[in-house]
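Chemist: Could you have a look at this structure, given as structure tokens, before my questions?
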Amino acid sequence: MSRLIVIEFMSLDGVMHDPDGSDGSPQGGWAFRYGREAVAGDKFGLGEVLDTGVMLLGRRTWQLFAGIWPGRDDPFSAQMNAMPKLVASRSLMDAAGWENSAVLRGDLATAAQERKREQDIVVTGSVSVVRELMAHDLVDEYRLLVFPLVLGAGTRLFPDGTAPVNLALTSAQTAGPAVRLIYTRSDNQ
């Protein structure tokens, strides 16, 4: 079976909200304070998953990305644009704004579980999607780019009340000013 991989920019205290400043929050844009190179390219080390997997996004993240990625032509952007994308949304009727995108109809957890039988799924941003998948115990791997700052407030990846899960650290690498941590499901469940 393939993997469901969650990738997130994160502060040291676990905040994942508004790393690029697009939400206009008081602390927004925190990941980009370290320069473009801190966030550009395949910082999450997805490699061939970008060519063989599918991206699953919530509506807000998809709309943000659909306004950014189609206009870029570097090799990483070409992979992002070519990758199939599913948009989890109850309100979006059409996903024609970004090539290879389709609106995911039906139950998110069921659709993700079925799709995971065929190919790897990558989820980025999309806190409501991530939390729904976490609640159904569908996340196999977390790839976190942790930046050296404490924000003190904001939406966290693992809020209070998150169900416990055992993970194993499989990689820790510096990535500019940040560190990329890869955690997978532990056999000690």
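Chemist: How many residues does region 175-189 contain that are outside any loop (DSSP other than H, G, I, E, B) and touching a helix residue (DSSP H, G or I) at 6+ places or on another chain (Cβ under 7 Å)?
Modeler: 1
Chemist: Right, something else. Restricting region 122-168 to residues that are assigned to a helix (DSSP H, G or I) and open to solvent by 60 Å² or more (accessible area, probe 1.4 Å), which is nearest to Asp20 (Cα to Cα)?
Modeler: Residue satisfying both the conditions and the ranking: Ser128.
Chemist: So, in region 10-21, exactly how many residues are farther than 12 Å from Ala178 by Cβ and crowded, with 17+ Cβ neighbours inside 10 Å?
Modeler: Residues in region 10-21 being farther than 12 Å from Ala178 by Cβ and crowded, with 17+ Cβ neighbours inside 10 Å: 5 in total.
Chemist: Which one of Ala172, Ala112 is open to solvent by less than 30 Å² (accessible area, probe 1.4 Å) and either modelled with pLDDT of 95 or more or part of a loop (DSSP other than H, G, I, E, B) (or both)?
Modeler: Result: Ala112 is the single residue among Ala172, Ala112 that is open to solvent by less than 30 Å² (accessible area, probe 1.4 Å) and either modelled with pLDDT of 95 or more or part of a loop (DSSP other than H, G, I, E, B) (or both).
Chemist: Let me ask something additional. Among the numbered criteria (1) open to solvent by 20 Å² or more (accessible area, probe 1.4 Å); (2) among the basic types (Lys, Arg); (3) in contact (Cβ under 8 Å) with a residue 24 or more places away in the chain, which one does Lys85 miss?
Modeler: Going through (1) open to solvent by 20 Å² or more (accessible area, probe 1.4 Å); (2) among the basic types (Lys, Arg); (3) in contact (Cβ under 8 Å) with a residue 24 or more places away in the chain one by one, Lys85 breaks only (1).
Chemist: Report whether or not Phe32 is in contact with a helix residue (DSSP H, G or I) (Cβ under 9 Å, 6 or more places away or on another chain) and either surrounded by 14 or more Cβ atoms within 10 Å (Cβ to Cβ) or on the phi < 0 side of the Ramachandran plot (or both).
Modeler: So Phe32 passes the test.
Chemist: Which residue out of Asp107, Asp74 is open to solvent by 60 Å² or more (accessible area, probe 1.4 Å) and either more than 19 Å from Ile182 (Cα to Cα) or out of contact with any Leu (no Cβ under 9 Å at 6 or more places or on another chain) (or both)?
Modeler: Among Asp107, Asp74, only Asp107 is open to solvent by 60 Å² or more (accessible area, probe 1.4 Å) and either more than 19 Å from Ile182 (Cα to Cα) or out of contact with any Leu (no Cβ under 9 Å at 6 or more places or on another chain) (or both).
Chemist: For region 145-163, name all the residues that are closer than 26 Å to Leu46 by Cα and among the charged types (D, E, K, R).
Modeler: Within region 145-163, just Arg156 meets the criteria.
The values are calculated or read from the model by the stated rules, or taken from the named source; none is laboratory data. Since the model is a prediction, treat every value here as computed from it, not as a measurement. Ideal geometry is used to build each Cβ from the backbone, glycine not excepted, and the neighbour counts take in all protein chains shown. Side chains included, ligands, DNA and RNA excluded: accessible areas come from the protein's heavy atoms. Shrake-Rupley method; radii C 1.70, N 1.55, O 1.52, S 1.80 Å.
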